[in-house]
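Participant: Okay, here's the structure, questions in a sec.
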Amino acid sequence: MANTLESGLKYAEDVRDGKIIVGELVRLAVKRHFKDLARQDGKTLRFNEALATFAISFFDLISLSKGETDGGKFECSPWQAFVVISLFGWQSYDSEKNRWKRRFREAYIEIPKKNGKTTFAAAIGLLLQFWDGENGPEIYSAAFTRDQAMQCFDEAKAMVERSPALMKHAKVSLWSVIYKKLRGKFMAVSHDKRTTEGKNPHGVILDEYHVHENDGVRNSLQTGMAARKQPIFFIITTAGDNKQGPCYKYREVCISVLKGKSKLDQSFILIYGIDKDDDWKDEKTWRKANPNLGISVEMDHLRGQFQQALLSGTKEVDFKTKHLNMWVDAAITWIPSETWDALARPYIAKSLSNRNVWYGGLDLGQSRDISSLAAFFPEEKFLLVRHYCSEIAAENAVRSGIDYKQWIEEGHLIPTPGKTTDYNFIKRDIFEAAMEQELMFLGYDPYSAPYFRDELTEELGTRWAAVTREDGSLNWDYYNKVQVFQQKAAGMAPATKLFEEMILNGEIFHDGNPITSWMLGNVAMRVDAYGNYTPVKDKSRDKIDGIIASIIAIGTYSKWNTTMGESKNDGSYGVY
């Protein structure tokens, strides 16, 4: 390893030539680099080797602060050298100001733990402070929490204290590193301490972007960069488990850029990870995600973490996100997102006719929350889920980092006027659905609004059916179509298990509603002493109403279908 221009260029060449094993997204990043080299004209775009060399030479001045390398020189790994020469070597021409300036104002880098992520990010911050020639450079280690922001800052501070060439020009305190010559400062800021406003950053290190619930930190600090000539907003993160968060959404944009579908010419992008079709259990693929394998991360360590992952859902998710850079849907995997996604058959909804029958599940959330109605069509093995929310609650949710408004625009979430969910909308849809396809039974959460339950019971009427007595005999009678579905383990556990088995065995299809997929990823399970497991709202990461409604629909079908023979429309469908 060496802090040279040639080290970074050779890494790119070896990736291009297949000599280094990487994932598709890294290959695309390198392809983008060579494509830009081919199109540079020296008038609007150029790769300035002298600037790239000058930037990477800064690392010769830095002494490391941790582990076996404590006090040793910072030697850039080949992938790190590629990042440095790309960020600081590429220039675009500013025709308005008649000057060359740094092309990349932002970097988005995804890489697993133990690959030198935070140490490298801290060094980039110091380069911008001590080596970039900016007057009064303000450098901020930024994160959602103060503790996370301090990790990168503390690493930068420790490296300065161990680096004589930097320390003689610096004043170090508990909360800041000051570069005395150019009056530059390096500090930590965070969302939870509300310290991001009123800044004028030349450089921002945004560590672990995946934990951010919203883009408040990023937007605030990027706005403050407007007066700087050539600032850098350096985002570096591992993968996470919140696909509704700002990091994953920006990641999707970055991937679109790498694939040539979008254009962000001022953003440098490098995303490590295994490929979509790779078997995460095959250690041959792990090298794709870990460019520092054999340098700062050892295969034996990964193998040990992998063995733990095989024994625990929590550890599995941790291994996938932190060591393979795989995005997942929840902190604990119940049903893998890829399994659920493969069962999406939205076209089935268009083929339903008045000869189809359905069993319903209803979970009314809090009046300012999402409520969900699920319909299971047994002949088609098809699950359709509708979600409802008040317009005001949708506005508030956007501010909390969940884009309900986009779901509304795309037709996945039904808005109701006012501050609270108008249950009349749900009631109307139930009545209309019962007229279009025959409703057999509708299960509901017993905590639902009493008046709502009573109106449904009165309007939907009864059905001739049977329930099984304790002695196994059948008790035939007219039963209300609207039935309480107990939320305790006795009611929910068998239905939950059946729902899970149908999904894992490919015996159920669904409408592909992204809200339901998101809710499935939020589910946390409660397991009792007998091994019964049920979803629990207060332990889940976020809303799961659509999953509860789906389980109720499946449980209602299971209870009544077995005593009614084949579920076929007898021609007496509708409300009566």
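Participant: Residue by residue through region 242-256, note down the ones that are assigned to a loop (DSSP other than H, G, I, E, B) and either surrounded by fewer than 23 Cβ atoms within 10 Å (Cβ to Cβ) or out of contact with any His (no Cβ under 9 Å at 6 or more places or on another chain) (or both).
Facilitator: Lys243, Gln244, Gly245, listed by residue number.
Participant: Could you say whether any residue in region 132-153 is assigned to a helix (DSSP H, G or I), open to solvent by less than 10 Å² (accessible area, probe 1.4 Å) and more than 23 Å from Arg194 (Cβ to Cβ)?
Facilitator: Going through region 132-153, the residues assigned to a helix (DSSP H, G or I) turn out to be 146-153.
Narrowing further to those that are open to solvent by less than 10 Å² (accessible area, probe 1.4 Å): 149, 152-153.
Within this subset, residues satisfying the condition of being more than 23 Å from Arg194 (Cβ to Cβ) are none.
No, there is no match, as no residue in region 132-153 is assigned to a helix (DSSP H, G or I), open to solvent by less than 10 Å² (accessible area, probe 1.4 Å) and more than 23 Å from Arg194 (Cβ to Cβ).
Participant: Return the total of residues in region 437-466 being surrounded by 15 or more Cβ atoms within 10 Å (Cβ to Cβ) and modelled with pLDDT of 80 or more.
Facilitator: 19
Participant: Please name all residue pairs, on different chains or six or more residues apart, with Cβ atoms under 8 Å, provided the first residue is in region 124-141 and is closer than 14 Å to Lys171 by Cα and the second residue is in a loop (DSSP other than H, G, I, E, B) and of a type in the set (A, V, I, L, M).
Facilitator: Leu126/Ile62
Participant: Can you name every residue in region 154-177 that is outside any helix (DSSP H, G or I), open to solvent by less than 100 Å² (accessible area, probe 1.4 Å) and over 14 Å from Ser141 (Cα atoms)?
Facilitator: Matches in region 154-177: Arg162, Ser163, His169, Ala170, Val172, Ser173.
Participant: Separate question: Can you name the residue in region 193-227 that is modelled with pLDDT under 90 and among the β-branched types (Val, Ile, Thr) and, of all such residues, is surrounded by the most Cβ atoms within 10 Å (Cβ to Cβ)?
Facilitator: Thr196
Participant: Those residues that are within 30 Å of Pro291 (Cβ to Cβ) and either in contact with a Leu (Cβ under 9 Å, 6 or more places away or on another chain) or at pLDDT below 90 (or both), I need them from region 340-366; list them, please.
Facilitator: Taking region 340-366 and keeping what is within 30 Å of Pro291 (Cβ to Cβ), we get 341.
Answer for region 340-366, where residues must be within 30 Å of Pro291 (Cβ to Cβ) and either in contact with a Leu (Cβ under 9 Å, 6 or more places away or on another chain) or at pLDDT below 90 (or both): there is none.
Participant: Right, here's the next one. So, in region 544-576, how many residues would count as being of a type in the set (D, E, K, R) and at pLDDT 50 or above?
Facilitator: Residues meeting the conditions: 2.
Participant: Just to be sure before I move on: is Ala375 touching a residue at least 12 places away in the same chain (Cβ under 8 Å), crowded, with 21+ Cβ neighbours inside 10 Å and under 22 Å from Lys537 (Cα atoms) in the structure I sent?
Facilitator: Yes, satisfied.
Participant: Considering (1) closer than 26 Å to Leu442 by Cα; (2) in contact with a helix residue (DSSP H, G or I) (Cβ under 6 Å, 6 or more places away or on another chain), say which one Ala394 fails and leave the rest.
Facilitator: (1)
Participant: For region 407-427, how many residues meet the condition of being exposed (fewer than 15 other Cβ atoms within 10 Å of the Cβ) and within 24 Å of Asn242 (Cα to Cα)?
Facilitator: 3
The values are calculated or read from the model by the stated rules, or taken from the named source; none is laboratory data. This one's a predicted model, so the numbers in the text were calculated from it and none came from an experiment. For neighbour counting, all protein chains shown are included, and Cβ atoms are generated from backbone atoms with ideal geometry for every residue, glycine included. We work out accessible area using only protein heavy atoms, side chains counted, and drop any ligands, DNA or RNA first. Shrake-Rupley method; radii C 1.70, N 1.55, O 1.52, S 1.80 Å.
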